[in-house]
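Below you'll find the structure, written out as structure tokens, and then a few comments.
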Amino acid sequence: MAGTSSAIVAGLTAAALGTVGFLGYRAQATAPARPGAGPVAHATAPSKAPRDRNHPTALPGGSGTGERVVYSVDDDRVWLVSPGNRVQRTFPVHPGRVDPPAGTYWVTSRSNAATGTDGVPIEHVVRFTSVDGVAVGFSAAVDDGSGMVADASAKTGGIRESRPDGDAMWRFATIGVRVVVIR
């Protein structure tokens, strides 16, 4: 009986190691070379994504396919796009003083609550890159009734949303979700 138990344990161990190895290979094969380290290199400099003049809030062409957050630096607007390429939600945002370069990024960290670099309490922070040491991400200012005024001289990378839009971003943009920044 001891020989049979040893064989079963050895078989299960081999199967587990094989599964872990396979999953590790799949993760390595589909992961970006350096997630969150900066934009993916493009063969040509990104130009302004085409817009639908009749529908200014329509998802711009050239913003990719599949599940992603699309952020237009020039239009101060975000689109949350489902895997089927359907816009789940779009909304205006108020950018900080530091803009990320156009390119593709991935959500690298999240915080339920924090204090922005301008000293304002924020919630639902979704970060995707940094520029010159300044973290760049989406967040909603918490109006706690304190009358706190943002430090206008602060070098901020916070892209501020309304609280309802921040809730939607928080539910949508989990770690690893693509963020496509366009002009």
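The values are calculated or read from the model by the stated rules, or taken from the named source; none is laboratory data. Quantities reported herein were computed from a predicted structural model and do not represent experimental measurements. All Cβ positions, glycine included, derive from the backbone under ideal geometry; neighbour counts span all protein chains shown. Ligands, DNA and RNA are excluded from the accessible area calculation, which covers all protein heavy atoms including side chains. Shrake-Rupley method; radii C 1.70, N 1.55, O 1.52, S 1.80 Å.
Observations on the structure shown:
- Check on TRP106, over 15 Å from ALA168 (Cβ atoms), touching a strand residue (DSSP E or B) at 6+ places or on another chain (Cβ under 9 Å), modelled with pLDDT of 95 or more and hydrophobic (A, V, I, L, M, F, W, C): yes
- For segment 130-145, a residue qualifies if it is modelled with pLDDT under 90 and either surrounded by 21 or more Cβ atoms within 10 Å (Cβ to Cβ) or not charged (D, E, K, R) (or both), and exactly one does: GLY145.
- Every listed requirement among (1) part of a strand (DSSP E or B); (2) open to solvent by 50 Å² or more (accessible area, probe 1.4 Å); (3) farther than 27 Å from GLY62 by Cβ is met by LYS155 save one, (1).
- Filter result for ASP99 (open to solvent by 50 Å² or more (accessible area, probe 1.4 Å), in contact (Cβ under 8 Å) with a residue 12 or more places away in the chain and among the acidic types (Asp, Glu)): yes
- The set of residues in segment 70-98 that are basic (Lys, Arg) and under 16 Å from the mean Cα position of the chain (by Cα) comprises ARG77, ARG89.
- Looking across segment 45-77 at every residue that is of a type in the set (A, V, I, L, M) and in contact with a Lys or Arg (Cβ under 8 Å, 6 or more places away or on another chain), the one that is modelled with the highest pLDDT is identified as VAL69.
- Residue match in segment 120-129 (condition: closer than 13 Å to VAL177 by Cα, open to solvent by less than 50 Å² (accessible area, probe 1.4 Å) and among the charged types (D, E, K, R)): no
- Every listed requirement among (1) surrounded by fewer than 13 Cβ atoms within 10 Å (Cβ to Cβ); (2) modelled with pLDDT of 90 or more; (3) more than 22 Å from VAL136 (Cα to Cα) is met by ALA113 save one, (3).
- Selection within segment 67-85 - open to solvent by 20 Å² or more (accessible area, probe 1.4 Å) and either within 14 Å of ASP165 (Cα to Cα) or in a strand (DSSP E or B) (or both): ASP76, ARG77
- For segment 86-95, a tally of residues being surrounded by 13 or more Cβ atoms within 10 Å (Cβ to Cβ), outside any strand (DSSP E or B) and of a type outside the set (A, V, I, L, M, F, W, C) returns 1.
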